Amino acid sequence: MADLLRAAVVGVGHLGRHHARILSALEGVRLSAVVDVIPERARDAAAATGASVYEDSRELAGQVDVVTIAVPTELHHDIALPFLERGIPVLVEKPMARSLEEAERMIAAARASGAVLAVGHTERHNPAVAAVLPHVTSPRFIEVHRLGVFPDRSLDIDVVFDLMIHDLDIILAMVRSEVTSIEAVGVAVLTPRYDIANARLRFESGCIANVTASRISRERVRKIRFFQPDSYLSIDYAAQEIEAWRLVRRDGARPAIEGGPIAVERDEPLRREIADFVRAARDRTKPLVDGEAGRRALGLATRIAEKMESV
């Protein structure tokens, strides 16, 4: 690869335009192409960067070193696969595909060609998540609330795959245990798909997670709390703030509760995600959230969706 990686963004709608913004300013990479079926949108995203504009990702053959994909979920597999088969690193937004079968074909293609495959679970790159990770040792109960106002963007998937999957990825990364049972309910309120959902997950370790996601709230809430023996940790994803409290026992004295905020060096999670992908592509190393992690989150989201359909 050249000193500057030639990058393309496929899909510059609600999220993809931020991919283009970040790539155009990121060290070690040059935004060389923007692809969108709406030419005006592509031109706007490419303005002032010198990037070429295309309407079809197939026109990028031989012109790029890395690709980020932020199109509707139903198109992820068909757009990503040709790049992966040619060994071109791909960052695909979550959920990585519309089915486990498509996800597995993407993983297999990346493995066969040696291409880096990263999945855009942005919260894993949240500085607050990185800061709290060493403190989450043996969670017994996890409580999640991810509530958002009705979005002004494409809604081709229900709230489990749209919002809840962020927290499913975080939980799987921190609990590291198999899910043994699921209770779930979802309600379609403003769209034909589930707009609010709750899932109760029981893990082989004994941990239980209660996860709520809504895209019809009047307020925005993005919080996760961990309860474990003698300690409690809370993350506000949006504010990038952590509180940690623990029970301290001293000989001859009453136990005391101590704690407070944990320092977090704030940063834009999406910028960290794309920088991690570029680093992995350049060094041919594993990204923080690889295809296998994306498939695990998709698999759990699929199980939850199937459980909701059966009630």
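Every number here is computed from the coordinates shown, using simple stated rules; none is lab data. The structure displayed is predicted, hence computed values, not measured ones. FYI the Cβ positions are ideal-geometry reconstructions off the backbone, even for glycines, and counts take in every protein chain you see.
Summary of values
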| quantity | calculated |
| --- | --- |
| Contour excess over end-to-end distance, with Cα ends at ASP56 and ALA238 and 0.36 nm allotted per residue | 62.1 nm |
| Those lysines that a straight Cα-Cα span of less than 18 Å connects to LYS286, excepting residues fewer than 8 apart in one chain | LYS94 |
| Whole-number D in µm²/s for the range 172-311 (Stokes-Einstein; Kirkwood sum over Cα pairs; 25 °C, 0.890 mPa s) | 134 µm²/s |
| ARG249-ALA48 FRET efficiency (beta carbon distance; Förster radius 45 Å; 0.05 resolution) | 0.15 |
| Long-range HN-HN contacts of SER231 with modeled amide H, under 5 Å | LEU247 |
| Per-residue HN-Hα couplings for the range 62-75 [Karplus 6.51, -1.76, 1.60; θ = phi - 60°; Hz; x = Gly/Pro] | x, 10, 9, 9, 9, 9, 10, 10, 9, 9, x, 3, 5, 9 |
| Where labels lie 7 Å past Cα in the beta-carbon direction, separation of VAL185 and HIS135 in nm | 3.3 nm |
| Largest to smallest principal axis extent of the C-alpha atoms in the range 138-245, angstrom | 42, 32, 17 |
| Helix 291-310 vs. the chain, principal-axis angle (Cα, 0 to 90°, nearest 10) | 70 degrees |
| Normalised contact order of the chain, rounded percent, pairs of Cα under 8 Å and 6 or more residues apart | 18 percent |
| Viscosity 0.890 mPa s, 25 °C: Kirkwood-radius Stokes-Einstein D of the range 93-168 over Cα pairs, µm²/s | 163 µm²/s |
| Efficiency of FRET from Cβ geometry, GLU178 and ILE38, R₀ 45 Å, rounded to 0.05 | 0.55 |
| Simple spin-label estimate for VAL149 and ARG202 in nanometres, 7 Å along Cα-Cβ | 4.0 nm |
| Neighbourhood charge, 13 Å Cβ-Cβ cut-off, centred on ALA197 and excluding it, Lys, Arg +1 and Asp, Glu -1 | -1 |
| In sequence order, calculated HN-Hα J values of the range 50-57 (Karplus, 6.51, -1.76, 1.60; Hz; x Gly/Pro) | x, 6, 6, 10, 9, 9, 9, 5 |
| Reduced Cα scattering model of the range 45-144, Debye log10 I(q)/I(0), q = 0.21 Å⁻¹ | -1.07 |
| Packing-based ranking, highest mean first, of 86-93, 192-199 given that Cβ atoms within 10 Å are counted | 86-93, 192-199 |
| Crossing angle, helix 269-283 versus the chain [Cα axis fit, 0-90 degrees, rounded to tens] | 60 degrees |
| Radius ratio Rg over Rh of the chain, counting only Cα atoms, Kirkwood formula for Rh | 1.00 |
